[in-house]
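One structure below.
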Amino acid sequence: MELPREIERITKGMPCAENRTGMSDARVLIYPELVLKILPDRPEVQREMRMLRWLEGKVPAPRVAACEKSGDSVFLLMTRVPGRMACDAALLRDPDRLTDRLAEAMRLLWETNISDCPVIRDQQAELAEARLRVEKGRVNMENAEPSTFGPGGFRDPAALLCWLENNRPSPDPVLSHGDFCLPNVLFTDGGLGGFIDLGDSGVGDRWRDIALCHRSLRHNTDGTYGTVIPGFDADRLFSALGVRRDPDKLRWYLLLDELF
Ligand SMILES: Nc1ncnc2c1ncn2[C@@H]1O[C@H](COP(=O)(O)OP(=O)(O)O)[C@@H](O)[C@H]1O
Ligand SMILES: [Mg+2]
């Protein structure tokens with residue numbers, strides 16, 4: 001593939017491999033010390049850039065090396081975060097320790113001062129974006145949990161959106177990752193390597209990250225992605241975080257995610 005000039009210049013001659021873990025429509029090329037993410041030119045890319053710059057020196061995350069537009073795509077070249085994804089087989093072998101490390105990583109976000117955070121991803125912002133997606137018919141019902149739509153669930157994405165708008169939980173703003181699933185958190189032997197995939201990060205509700213992390217722990221241990229860890233209790237996350245399980249908030253944020 002043809003790369004924009006500056007990015008071509010920086011990466012010329014470097015070995016590279018494509019990563020196919022993500023579920024977004026991004027292409028991700030991994031170089032020894034850099035990562036190139038090629039995304040459709042949408043507002044979230046600008047948000048990701050703003051957040052990556054703001055996060056520098058606050059929590060471990062990629063640094064922006066270059067960013068160029070070409071046609072309908074944005075080419076975001078960033079530093080490579082060290083470590084393995086939290087869903088790596090070696091880490092899933094000790095799921096209790098993994099849960100503790102994820103909780104520690106999340107608390108690092110919560111401890112970050114958000115007073116000058118440039119991006120707001122609160123319930124209002126997310127619901128507005130969800131509404132746009134519903135109205136444009138962009139919600140893919142096939143990707144949803146089987147119980148979300150259909151008999152016993154919501155008739156369609158519009159009905160779900162209406163329920164979400166009428167049942168908003170009380171907000172609890174912190175620095176939120178926005179897609180706190182296991183492939184987006186990297187660990188080294190020493191500890192947190194860093195967070196990646198920060199296009200939805202910003203000031204958001206604490207339970208947005210807790211809900212997605214809890215679901216990702218379940219799906220990475222119950223066979224959804226092929227690995228089964230018998231007896232693993234994803235609810236350990238709550239005690240590791242020092243919070244009481246809040247089923248209404250968990251449900252609200254997981255249902256919101258069904259519209260994205
Ligand atoms: N800066 C980075 N450092 C290290 N690995 C990365 C980096 N960016 C992406 N990756 C790898 O590529 C995968 C997919 O990238 P990600 O940004 O999460 O894309 P998607 O939006 O498709 O989930 C990640 O799960 C991770 O394994
Ligand atoms: Mg990802």
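Every number here is computed from the coordinates shown, using simple stated rules; none is lab data. Small disclaimer: the values here were computed from a predicted structure and weren't measured. Backbone-built Cβ (ideal geometry, glycine too); neighbour counts: all protein chains shown.
Working out 0.36 nm times the residue gap between Leu108 and Glu129, then minus their Cα-Cα distance, what length gain in nm do you get to one decimal?
Contour length minus Cα-Cα distance gives 4.8 nm.
Taking 0.36 nm per residue of sequence separation and subtracting the Cα-Cα distance, how much length would be gained by fully extending the chain between Asn166 and Arg84, in nm to one decimal?
25.5 nm
Which entries of Lys69/Lys249; Lys58/Lys249; Lys37/Lys249 have Cα-Cα distances beyond 29 Å here?
Cα-Cα > 29 Å for Lys69/Lys249; Lys37/Lys249; rest within.
Students often forget the sequence filter, so: which lysines lie under 17 Å Cα-Cα from Lys136 once same-chain residues fewer than 8 apart are removed?
Here the lysines satisfying the reach criterion relative to Lys136 do not exist.
Could you size up the charge dipole of segment 125-258 around its Cα centre, putting +1 on the beta carbon of Lys and Arg and -1 on that of Asp and Glu, and report it in debye to the nearest 20?
240
Pull out the extension gain between Arg93 and Glu8, defined as 0.36 nm times the separation in residues minus the alpha carbon to alpha carbon distance; nm, one decimal.
26.7 nm
How many angstrom lie between the C-alpha centres of segment 191-221 and segment 13-52?
18
Would you mind computing Rg(Cα) / (2.2 N^0.38 Å) for the chain, counting N as its residues?
Taking N as the residue count of the chain, the ratio is 1.01.
Across every pair of different alpha-carbon atoms, what Kirkwood hydrodynamic radius in Å does segment 5-79 reach?
Hydrodynamic radius (Kirkwood, Cα pairs) of segment 5-79 is 12.9 Å.
Which net charge results for the neighbourhood of Phe149, defined as the other residues with beta-carbon distances under 14 angstrom from its beta-carbon, given Lys and Arg at +1 and Asp and Glu at -1?
-4
In debye to the nearest 20, how big a dipole does the chain give about its Cα centre with +1 on each Lys and Arg Cβ and -1 on each Asp and Glu Cβ?
220
Grab every C-alpha pair in segment 1-140, bin the distances at 10 angstrom width from 0 up to the longest one, and report whole percents.
Going from the shortest bin to the longest, the percentages are 9, 30, 36, 22, 2.
Determine Rg/Rh for segment 73-185; Rg is computed over alpha-carbon atoms and Rh is the Kirkwood hydrodynamic estimate from the same atoms.
Taking Rh as the inverse mean 1/r over Cα pairs, Rg/Rh reads 1.02.
For segment 163-260, with equal point scatterers placed on the C-alpha atoms only and solvent neglected, what are the log10 I(q)/I(0) values from the Debye formula at q = 0.10, 0.12, 0.15, 0.24 1/Å, to two decimals?
The Debye formula, applied to the Cα set alone, gives -0.29, -0.42, -0.66, -1.49.
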